[in-house]
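Everything below concerns the one structure shown next.
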Amino acid sequence: MRPRTATPRALAGAAVLALAATACSGSGEPADDAAGSLVIWADPERTDVLAPFAEEFGEANGVRVEVQSLPVDDIQGDFVTAHEAGSGPDILVGAHDWIGNLVQNGSIDPVQLPGDVRERFDEGAVDAVTYQGQLYGVPYAMESLMLVRNTELAPEAPATVEEMVATGTALKEDGEVDEILGLQVSQTGDPFHLQPFYSSAGGSLFGTDDEGDPDPSDLGVGTDASVEAMEKVAELGEDGDGALKRSIDGDNVGALFERGETPYFVTGPWSLAGIKDAGVDYAISPVPGFEGMDEARPFLGVQSFFVASGGENKVLAEEFIVNNVAQPELATALYEADPRPPALREVFEAAEADDPDLAAMMEAAEQAEPMPAIPEMSAVWDPFGKAQAAVIGGEDPADAVASAEQAISEQIG
């Protein structure tokens, strides 16, 4: 699976909105349009956590606060459509890579976070929610790909891709596992999960501008470096080592690892609950890079609170997210509901004492780079994913990359 970085989708309609919590009134009725009400949109995993904080804020400020639950795959697109119709919420909870699209549509406002408060957050998380020099969200959690290994099958963390493949191949030849590596590819590819290998081999999606931000006018797909990187990916494919397979996808990759059918699993924090439930003895380490090449650089994803530009109570909305997300109580509750590294340093340090996985996850994310938040990133996923799947299936890398470059360039315009 990919973390919460859904692309825009059409408005599913008011019927999809499931009211998860209504603060202050307790009635479960939709909020009225009177001044002094505040509406928060979040995905189902966050709504129950936010409810008591919304209630406390509402009581302290004499306002009615609602937390409404939307499916994660719909929420960004629904928010943009609702904003255009003048019926959106005051606060949105979602992924940092939505920012470019939301700013382009004029649907979120910058957030004013005092310097002393900003310093309490992880620097990488703050960088991820900063777009065109302005802070557009208050972050609460981070996520990045990591390598999870079955320590009974692979006691030592591999230093390189080659070492990992060699260990997995030997185990497969001995009949101890069915697959060398658990990494979801599918028939349509997965640039998110393949980014560590692609980046290690020198590939990029976009160049950077003078401020270090992704530059949509400088497309990395189609360059000689991208072809060379895909040639390295091809070596791991079905006509090469067989570590990457289109038959492994988001529906079966977790089960492969949980059943002990592969020694390695490239995934994120979202898979740990299933691994623990399966009773697998595991350890976490960074995704390795190719021998003699760059370090693997997976994407960093950051979950954040945004202030809607069309909201009727923007001052209250900003006060809610600054005063709550920057406090350890809410950050701790969000972490306990969905254990991903907290962006608030003090909460991370407190949680790390009880959860050794957190330090390992942060080490795995040390080389991670924020997923591009520019709107043009939406043009990359499908064509480049299909190119990667084709290369893994045996197609010529230069031809596949050229096709992807043409499709992406046409979409970007």
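Computed quantities for the displayed model
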item	result
So residue 383, is it touching a helix residue (DSSP H, G or I) at 6+ places or on another chain (Cβ under 8 Å), surrounded by 17 or more Cβ atoms within 10 Å (Cβ to Cβ) and outside any helix (DSSP H, G or I)	no
Filter result (under 18 Å from the mean Cα position of the chain (by Cα) and either buried (at least 21 other Cβ atoms within 10 Å of the Cβ) or free of Cβ contacts under 8 Å to residues at least 60 places away in the same chain (or both)) within the range 337-347	340, 341, 342, 343, 344
Any strands (runs of 3 or more DSSP E) falling wholly within the range 158-272 and containing at least 1 residues that are of a type outside the set (Phe, Trp, Tyr) and at pLDDT below 95	206-208, 214-219
Residue pairs meeting the criteria (Cβ under 7 Å; at least 6 apart or on separate chains; first in contact (Cβ under 8 Å) with a residue 40 or more places away in the chain, in the range 202-231; second among the charged types (D, E, K, R))	202/228; 202/294; 206/215; 206/218; 216/376; 219/405; 221/405; 222/405
Matching entry among 111, 126, 93, 117 (being part of a strand (DSSP E or B) and either in contact (Cβ under 8 Å) with a residue 12 or more places away in the chain or open to solvent by less than 40 Å² (accessible area, probe 1.4 Å) (or both))	93
Flag for residue 246 being touching a helix residue (DSSP H, G or I) at 6+ places or on another chain (Cβ under 7 Å), surrounded by fewer than 21 Cβ atoms within 10 Å (Cβ to Cβ) and farther than 26 Å from residue 100 by Cβ	yes
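The values are calculated or read from the model by the stated rules, or taken from the named source; none is laboratory data. Computed from a predicted model, the values in this text were never measured in an experiment. Virtual Cβ from ideal backbone geometry, glycine too; neighbours counted across all protein chains shown. Heads up: the accessible areas ignore ligands, DNA and RNA and are worked out on the full protein's heavy atoms, side chains in. Shrake-Rupley method; radii C 1.70, N 1.55, O 1.52, S 1.80 Å.
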